[in-house]
Amino acid sequence: MNRNSVVTGIALGLAGFAVNWFKFELFFDVHLLFGSIVSMFAIMRFGLATGTIAALVASACTWYHWHHPWAIVTWTAEAFFAGLVAKRSRWSLLAGDFFYWISGGLLLGYLFNEYFIGASLRTVLLITLKQGINGIFNTLVATGLYIAFACENRGTRDLPTMFQTLFTSLAIFILVPVMGYFYFGINDSFHRRLRDYCADTAQICDIAEQDVALWLADRRYAVQALADLAGSVAHMEQPELQRIVETMHAAHPDFKRMVIVNKSSVTRACAPRLDEYGVSTIGIDLSTRSYNAILRSYSASRNPLSHPLLFDLFRGEAIGVKGPKLRIIAPVFVRGAYGGAASGVLNLASLQEVLQEIAGTSAMAITVVDQRGNVVVGTKTSLKPLTPYTPRREGRSSRSAWG
């Protein structure tokens, strides 16, 4: 290998890189690339070393497209293997390329996609089959171009035989339309199915929005009813008030806890009466909570709430097990004055069951986030509550009524 081979290989490789830059997507990051036409032509015209260098440079574009280097290895090995077979045997470059894709190419595709990328077996076979068809087609086109070049330049050292010329011409005549149908047919089918999936997703999103809004509205009404009841029996003794809260909590099992606090934000009644550690939940001072200022500001402005407040998910530490909690709060008014608040801590598992029923057996993921963009609950167990949620560009988000 001399300097001219290296320079020519790099120059042709850059030409192949430019061709690879224009990708033809079949579906979801599965593309047809035609840059190896240049590198295969380089093997036939300038030799194995030049063609292999061209393949290495041209295939570097796949790192930009697919964000991994394994296609560079696969396609550089394709050029080297097919060129070596053609050089040391009586096989044509096209036959060597076909043999590569049913042997080494298939093995490399499986190893890289299965063990390094982590794709499923079905995806591995699909990608490897696509790469094989793409590579063989490119070699066929390169062979046709070389035959045309050789016929125009009869001083070429290796003139094609009549069989090669007829076979290549016939194969191109048949396979180019087939390849066009393959691309446009799959692409059209994919986009039609994608439109159907988008329509189904939008419909399920609307259903989820309505169901979550209704689910929250029902729980808000329960907290409002508890606040109204607490305001009407403000002078009731604690045991009786505790019995009322326990009855309300038993009627609404989707609440982990229901609480009534006095105007000093000290718990008067709570159900369950004991937390998960067996400690009493009565008499706990919650005056440092941020929602107290909000409730008092509404009361001071004489602008009553139209509905109970649903606060962002927070990490509760005052009562029971520490962890993410979603609270609904309504102020208690006694003769028109602020007299405390009624609240309920929602059971996130119940809301998750609602989302899972909506999603069903589909691969769709539904996630509820608060106004700060933190995860509240969702169908994907990998998304933990209180973690920031980063929506996908292609996804859809809807603001639920009541929050």
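Values in this text are rule-based calculations from the coordinates and carry no lab data. What you are looking at is a predicted structure, and each value in this text was computed from that prediction instead of being measured. Note that we place each Cβ from the backbone using ideal geometry, even for glycine, and neighbour counts take in every protein chain shown.
Between exposed GluC sites (Glu not before Pro) in the chain, where DSSP calls loop and at most 10 other Cβ atoms lie within 10 Å, what's the longest gap?
Details: sites that count: GLU237, GLU276, GLU317, GLU394.
Result for the longest clean stretch: 1-236.
Taking 0.36 nm per residue of separation and subtracting the current Cα-Cα distance, fully stretching the chain between HIS191 and GLU25 would add 58.7 nm.
If the chain linking LEU121 and VAL233 were pulled fully straight, counting 0.36 nm for each residue of separation and taking away their Cα-Cα distance, it would gain 33.7 nm. When chymotrypsin sites (Phe, Trp or Tyr not before Pro) are flagged only if DSSP places them in a loop and at most 10 other Cβ atoms lie within 10 Å, the longest unflagged stretch of the chain comes out as 29-276. When the pairs LYS87/LYS130; LYS23/LYS380; LYS263/LYS384; LYS23/LYS130; LYS23/LYS87 are compared against a 24 Å limit on Cα-Cα distance, LYS87/LYS130; LYS23/LYS380; LYS263/LYS384; LYS23/LYS87 fall above it. The H on the amide N of SER265, modeled in the peptide plane, is under 5 Å from the matching H of no residue at least 5 residues off or on a different chain.
Across the stretch 205-403, the relative contact order, built from alpha-carbon pairs under 8 Å that are at least six residues apart, equals 23 percent. Once both labels are modelled 7 Å past Cα along the beta-carbon direction, what's the ARG335-ILE282 spacing in nm? It works out to 2.6 nm between the two label points.
When the chain is treated as a Gaussian network with alpha carbon springs shorter than 10 Å, the biggest mean-square fluctuation among SER89, SER169, SER280 belongs to SER89. Shown for the chain are the DSSP H helices of 15 Å or more along their axis, judged by Cα atoms, with a mean Kyte-Doolittle hydropathy of at least -1.0: 3-21, 48-59, 70-88, 121-152, 162-232, 238-251, 348-359.
Using alpha-carbon pairs under 8 Å, 6+ residues apart, how would you state the relative contact order of the chain in percent? Write down the numbers at each step before the final one.
Values: 573 pairs, mean separation 42.9, N = 403.
Normalised by residue count, the contact order of the chain is 11 percent.
The GNM of the chain, with springs linking C-alpha atoms under 10 angstrom apart, assigns the highest mean-square fluctuation among VAL332, VAL212, VAL233 to VAL233. Partners of LYS256 within straight-line reach, counting lysines whose Cα lies under 17 Å from its Cα and excluding those fewer than 8 residues away in the same chain: LYS322, LYS325.
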